[in-house]
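Notes for the one structure printed next.
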Amino acid sequence: LKIKNVAGLISVAPQTGNHGVSIIFQKPEVYATKNLAALKTALTQLVISLDSYVKKDSAKGFIELIHLMRNADTDTLLELAVVPHPNTVLTRKVYLDALFHTATSESAKAIFKQFNKMNEQEKLIAIISLNLIQTVDKDTLNQAITLLTPTASKHVYLSIGSLVSKYCQSKACVQGDLDVITKKFVDNLKHCKANTRKDEDRIVNVLKGIAN
């Protein structure tokens with residue numbers, strides 16, 4: 001097969017680049033959107049399908065809700081948290097379960113902003129769910145700093161250490177981007193001086209987080 005241009009002359013194929021990509025396997029970029037109406041409908045329908053017992057389409061509805069949440073921005077995810085529903089308890093459980101499985105930077109920021117309103121069990125699951133996130137931006141790291149308190153659990157240090165690692169894998173990891181969060185880790189080491197077993201556990205947890 002010979003390709004000719006409009007003048008009837010044989011054309012030369014354009015040069016290809018030296019960076020190969022795959023439209024099948026390459027991970028697409030995700031752009032956060034305002035899709036609150038669709039989210040409200042999906043959440044409401046899922047809660048109804050879970051009322052009293054789990055119905056045959058409940059799993060499908062849960063997956064659809066997560067897909068929508070993965071395309072939502074932080075503000076939209078926060079608005080979804082306060083959507084009124086007669087079954088408030090079940091709605092909250094379903095919302096948090098889906099939020100913890102969303103695994104985006106936007107969902108992480110939504111978790112951080114609601115963290116203090118969660119009970120201890122919800123906080124634990126929320127922190128562990130941060131390990132599911134693959135793409136991390138600088139704003140997510142900045143907001144994660146609020147969880148790095150002297151009384152933070154080992155899961156907090158490990159999960160946030162994992163977020164920093166993933167940020168560095170996908171970004172240039174300029175040291176200036178990590179100055180604040182690095183200082184927070186170092187400050188919680190307290191010069192590695194442990195006066196009690198609790199202090200010793202904290203130091204070990206911080207060092208494990210840094211190792212991540």
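The values are calculated or read from the model by the stated rules, or taken from the named source; none is laboratory data. All figures in this text were calculated on a predicted structure; none of them were measured in a lab. When we count neighbours, we look across all protein chains shown, and the Cβ atoms used for this are built from the backbone with ideal geometry, even at glycine. Note: areas computed on protein heavy atoms with side chains; ligands, DNA, RNA excluded. Shrake-Rupley method; radii C 1.70, N 1.55, O 1.52, S 1.80 Å.
General remarks:
- Across the range 99-129, the number of residues qualifying as on the phi > 0 side of the Ramachandran plot and in a helix (DSSP H, G or I) comes to 0.
- Among the criteria (1) at pLDDT 90 or above; (2) farther than 22 Å from Val204 by Cβ; (3) within 13 Å of the chain's Cα centre (by Cα), the one Ile127 does not fulfil is (2).
- Selection count, the range 58-103, where residues are farther than 17 Å from Ser129 by Cβ and of a type in the set (Lys, Arg): 1
- Pick from the range 187-212, criterion more than 14 Å from Leu158 (Cα to Cα), in a helix (DSSP H, G or I) and open to solvent by less than 80 Å² (accessible area, probe 1.4 Å), ranking: modelled with the lowest pLDDT: Asp199
- For first residues located in the range 162-186 and assigned to a helix (DSSP H, G or I), partners that are among the hydrophobic types (A, V, I, L, M, F, W, C) and modelled with pLDDT under 85 and lie 6+ apart or on another chain with Cβ distances below 6 Å form the pairs Phe185/Val206; Phe185/Ile210.
- Any hit, the range 152-161, residues being part of a helix (DSSP H, G or I), in contact with a Ser or Thr (Cβ under 9 Å, 6 or more places away or on another chain) and at negative phi: yes
- Candidates Thr135, Thr74, Thr140 - the one that is touching a residue at least 40 places away in the same chain (Cβ under 8 Å) and farther than 21 Å from Ala37 by Cα: Thr135
- Test: residue in the range 101-122 that is in contact (Cβ under 8 Å) with a residue 24 or more places away in the chain, farther than 17 Å from Leu46 by Cβ, in contact with a Phe, Trp or Tyr (Cβ under 8 Å, 6 or more places away or on another chain) and among the acidic types (Asp, Glu): no
- Comparison of Gln134, Gln114 shows that the only residue that is out of contact with any Leu (no Cβ under 9 Å at 6 or more places or on another chain) and surrounded by fewer than 21 Cβ atoms within 10 Å (Cβ to Cβ) is Gln134.
- Among the conditions (1) touching a Gly at 6+ places or on another chain (Cβ under 7 Å); (2) open to solvent by 50 Å² or more (accessible area, probe 1.4 Å), Tyr157 misses just one, which is (2).
- Restricting the range 48-89 to residues that are over 20 Å from Ser107 (Cα atoms) and outside any loop (DSSP other than H, G, I, E, B), the residue that is least open to solvent (accessible area, probe 1.4 Å): Ser58
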